[in-house]
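S.K.: The structure follows.
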Amino acid sequence: MPVVDYKDVQAMVRFGFGKMTEACYYLVHVKNAAAAKEWLLRAPVTTAEITPSLRTALQVAFTRQGLEALGVPQKVIAGFSTEFMTGMTCDPSRSRRLGDVGANSPGKWRWGYEDKVPHAVVMVFAYPGELERWKQSVKGEFWSQAFQEMECLPTQDMGGREAFGFVDGISQPDLDWEQLRKVSRNCDQLTYGNTVCLGEFLLGYTNEYDRYTDRPLLDPTEPGANQLLPAADQPGKKDLGLNGTYVVFRQLRQDVRGFWQFLDKATGSARLQRYQLAEAMVGRTLGDGAPLVPASRSLIPGVGNNGDQAARKQDVRLNQFTYDSDVAGTACPFGAHIRRANPRNADIPGGPQGWFTHLLHILGFGNKNVRADQIASTRFHRILRRGREYGEKLSPDDALRTAPENDSERGLQFLAVSANIQRQFEFVQNAWMMRTKFDGMTEESDPLLGNREPVPGCPFTNTFSLPQEGRVRQRMMDVPQFITVVGGAYFFLPSKRAIRYLATIGA
Ligand code: HEM
């Protein structure tokens, strides 16, 4: 296995820059390709090496339109994935699958649609009080000649919570940087684990199928290809994707007042019940984000492998669980946001049970837990979340007050890293979040993200089910839309070597 050259990987694949609480995302159009390349050549892009003294960071990613604007040949661009090439908004059936209809329709977006698709996103991060200086330093002498700034999307440090008030960023996959994880093409994984093959998040390495994800591989005679390394699976080709990946960016506006006021009405203004209902929708407590299901008795591989001892302990407490002990969904509803987003199942439901049970499963018999069979295996559909909140913080109690006339917008700059946008982000968003038939339920989609739009065969999608112990389930009706998409695009996050290739192409 090739050892990962951290100097070649952009840092956000490995770090969330947690201490750099100030950040913003410049969406830019390339105005002058030559100047843009000069800027790119000098850009102090932060890499994934561990640098304890780091106080600022810079990351850069491009859309397909951005690569074209830099002059990357079409035959090279053709090697990127279809969804990256098509983009988030250019195909109505993709928009439908992502739930981008009704109030979420791309035509209503502020950015990411038609001529508002950015060419690049330039992400800057800094310790408190250091962002403004860092922005100027990043821009340098070529910025204004090179780029037209479309937007500078702000972020807000809400103290580790998202805008509704829940702790954010608790569960993340554990990337197998050392590439020790063994997966076989012919053998099922019988238990849920949190460690995921590096190739799920970084191009040029093997993924959970023990294969290499498609990426642009160049003929060595292609101009500029000599700056790139050979592909591990096809050494005769130069790998433009190696140590790069894709970033999904969606700007999601949250109706924080609408959320808490709806819950307040639904619970007859009883504070405790209001919080409990919100917790059921998310799947974690409002206090410290503890899961609603008890910790798993068996150790989950990959939980608690990061950080110091205290962080590890916290990680285990908050993430050492599966839904195996809650097959009726009475502790954590089947439709709760985190249960949809990561059902924490394995290839064979119910865990290791010996070869006979395994055989029965393969033949389609003997599964007591029919629900579990209906959900695809989690390990092929993980995403690495790197988003940040934006707007003014509003506490759950303040959200019950009437909005002032000049109430500010708040929400999430949702960023997700994955090597395969379709199999990872798009699958989670479509099959698990938006789908109105999920885990045996109908007429509901994700309680936070659902657009509540009718779909063929399902005129109502605005319910939320709460299974009850020994009783018929409780069902909430008329759940409004709480989250609206206001922008988005798919980006390629190149390696340092690929950045050099982009900066010198055609020179
Ligand atoms: C404004 C929109 C959103 C809000 C308010 C939100 C909120 C949350 C919260 C509170 C958690 C639990 C804490 C944590 O583990 O970080 C969570 C987890 C998660 N969310 Fe979201 N989320 C949003 C959008 C999305 C989207 C668009 C996706 C993917 C399509 C997504 C996927 C996930 C995943 C994969 C987890 C971790 C689940 C686990 O591993 O247990 N979220 N989200």
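S.K.: For Lys265, list the aspartates and glutamates whose Cα falls under 17 Å from its own Cα; do not include residues on the same chain fewer than 8 positions away.
M.R.: Asp255, Glu279, Asp397, Asp398, Asp478
S.K.: Averaging sequence separations of C-alpha pairs under 8 Å and six or more residues apart, then dividing by the length of the chain, give the relative contact order as a whole percent.
M.R.: 23
S.K.: What shape does the stretch 49-123 take by its C-alpha gyration tensor, where a ≥ b ≥ c are the square roots of the eigenvalues and a/c under 1.5 counts as rounded, a/b above b/c as prolate, and the rest as oblate?
M.R.: The shape class here is oblate.
S.K.: Each residue of the stretch 168-181 in turn: what ³J(HN,Hα) in whole Hz from Karplus with 6.51, -1.76, 1.60 and θ = phi - 60°, glycine and Pro shown as x?
M.R.: Listing the rounded values in order: 10, x, 7, 9, 9, x, 9, 6, 7, 4, 7, 6, 8, 5 Hz.
S.K.: Oh, and also: For the stretch 389-398, what does the Karplus curve 6.51 cos²θ - 1.76 cosθ + 1.60, with θ = phi - 60°, yield as ³J(HN,Hα) per residue in whole Hz, taken in order and with x for Gly and Pro?
M.R.: 7, 9, x, 7, 5, 9, 6, x, 6, 5
S.K.: Please list, ordered by chain and number, the residues whose modelled amide H lies under 5 Å from the amide H of Gly387; skip anything fewer than 5 residues away on the same chain.
M.R.: Hits under the 5 Å cutoff: Leu415.
S.K.: Using the structure shown, list the pairs from Lys31/Lys116; Lys31/Lys139; Lys182/Lys237 with a Cα-Cα distance above 20 Å, or answer none.
M.R.: Lys182/Lys237
S.K.: So, one more: If you plug each phi of the stretch 227-232 into the Karplus form 6.51 cos²θ - 1.76 cosθ + 1.60 with θ = phi - 60°, what whole-Hz ³J(HN,Hα) values come out, in order, with x for Gly and Pro?
M.R.: Going residue by residue, I get 7, 9, 8, x, 6, 4 Hz, with x marking Gly and Pro.
S.K.: If you take the square roots of the eigenvalues of the alpha-carbon gyration tensor of the stretch 380-472 and sort them as a ≥ b ≥ c, do you get rounded (a/c under 1.5), prolate (a/b over b/c) or oblate?
M.R.: Taking the square roots of the gyration eigenvalues as a ≥ b ≥ c, the stretch 380-472 is oblate.
S.K.: Give the separation of the Cα centroids, the stretch 133-204 to the stretch 71-102, in Å.
M.R.: Cα centres, the stretch 133-204 to the stretch 71-102: 20 Å.
S.K.: Same structure, new question: As a test, work out the antiparallel percent of DSSP beta bridges whose residues both lie in the chain, rounded to the nearest 5.
M.R.: The answer is about 95 percent antiparallel.
S.K.: Roughly speaking, to the nearest percent, how much of the chain's 1.4 Å accessible area is carbon and sulfur?
M.R.: 52
S.K.: A further question follows. Just need the relative contact order of the stretch 447-497 here, percent rounded to a whole number, with Cα pairs under 8 Å and 6+ apart.
M.R.: Worked out over the stretch 447-497, it gives 34 percent.
S.K.: Just how far, in whole angstrom, is the stretch 464-503 from the stretch 222-286 if you go by their alpha carbon centroids?
M.R.: One Cα centre to the other: 6 Å.
S.K.: Taking loop as defined by DSSP and a crowding limit of 11 other beta carbons within 10 Å, which GluC sites (Glu not before Pro) in the stretch 130-173 fit? Each step should come with its number before you reach the end.
M.R.: On the way: sites: Glu130, Glu132, Glu141, Glu149, Glu151, Glu162; in loops: Glu130, Glu141, Glu162.
Sites meeting the loop and neighbour criteria: Glu141.
S.K.: So with the 1.4 Å probe, I'd like the accessible area per residue for the chain, rounded to whole Å².
M.R.: 44
S.K.: What residues have an amide H closer than 5 Å to that of Val183, excluding those fewer than 5 places away on the same chain, when H is modeled at 1.01 Å from N in the peptide plane?
M.R.: Under 5 Å from the amide H of Val183: no residue qualifies.
S.K.: Can you tell me the length gained on complete extension of the stretch Lys393 to Ser377, counting 0.36 nm per residue apart and subtracting the Cα distance?
M.R.: Taking Lys393 through Ser377 to full extension adds about 2.1 nm, to one decimal.
S.K.: Which pairs break 24 Å Cα to Cα here: Lys75/Lys496; Lys7/Lys75; Lys7/Lys238; Lys37/Lys108?
M.R.: From the list (Lys75/Lys496; Lys7/Lys75; Lys7/Lys238; Lys37/Lys108), the Cα-Cα distance tops 24 Å for Lys7/Lys75; Lys37/Lys108.
S.K.: Could you state the orientation-averaged shadow area of the convex hull built on the Cα atoms of the stretch 244-329, in nm² to one decimal?
M.R.: The Cα convex hull of the stretch 244-329, projected and averaged over all directions, gives 8.9 nm².
S.K.: For the stretch 253-485, what number results from the quotient of the Cα radius of gyration and 2.2 N^0.38 Å?
M.R.: Relative to the 2.2 N^0.38 Å estimate, the stretch 253-485 comes out at 1.08.
The values are calculated or read from the model by the stated rules, or taken from the named source; none is laboratory data. Quick caveat: nothing in here was measured; it's all calculated off a predicted structure. Glycine also receives a Cβ, built like all others from the backbone with ideal geometry; neighbour counts cover every protein chain displayed. Ligands, DNA and RNA are excluded from the accessible area calculation, which covers all protein heavy atoms including side chains. Shrake-Rupley method; radii C 1.70, N 1.55, O 1.52, S 1.80 Å.
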